[in-house]
Amino acid sequence: MNGLMRLFEQRVRGIRLIELVGGVLMFGLIFWVCLSKAKEGEDIRRMNDLDRQIAAEQTAVDGLKIQVAQLERPGRLEQLAVQYLGMKPTDPTHEARLESLAEISRTGSRPVSQAPAAAPAVPAPPPAPAAGQGDDLITVTPARKAPEVAASASGRTGGR
C-alpha cells in the first residue's frame, strides 16, 4: 500500500503525477466531446438534406399519381376505345333480362354474318398516331370471315 501512496506523491516539476495524468485525461475527454458534436452537426445536416430530397420525391410521386388518375378516367378510356378501336357502348337491346337467360341458352348463338341488312356498318377506325405521340395504343383491325366459312357456319344448329 505504501507503493501506491508513493505513486500519488511523486512530483514532476512541482505538480503531482496523478494531477498531471488527470488533467491530460480531462483535456482528452473535452477534445473527444468537441469532435463528437462536430460529427453530430454534419449528421444533422445530412439528415436535413435527405428529408428535403424525400419531400421532393414525394411531391413527384403525388404528381405522377394525379397524372395516372387523369389517364385512367373512364370517359377518356371510352373516347380512346371509340376513336382508335371502333368500339361503342352496348345498345340496351343487346342486354338480357334474368328471365330471358334460359331462352337465350336454348337458342344458341347466331353467326355474325346473319345480322340484318339494315344494320349500319361500323366505320373504319382512324389511323393510329405515329410512334411516340399521344397514348401507346395498338390498333386492331377485325378479321373478316371468308364467304365459305360464313356459309358453313350458317348451316350449323344451336347444339354441339
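Throughout, read-outs are computed from the coordinates displayed, never taken from laboratory work. Please read these numbers as outputs of a predicted model, since none were measured by experiment. Backbone-built Cβ (ideal geometry, glycine too); neighbour counts: all protein chains shown.
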*Extreme residue, positive dipole direction of region 25-95, given options Leu50, Ser36, Thr93 (C-beta unit charges)*: Ser36
*What percent of all Cα-Cα pairs in region 1-89 falls in each 5 Å bin, counting up from 0?*
3, 10, 8, 8, 7, 6, 6, 5, 5, 5, 5, 4, 4, 4, 4, 3, 3, 2, 3, 3, 2, 0
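Val24 to Arg106: extension gain in nm, 0.36 nm per residue of separation minus the Cα-Cα distance?
Values: separation 82, 0.36 × 82 = 29.52 nm, distance 10.27 nm.
Length gained, Val24 through Arg106: 19.2 nm.
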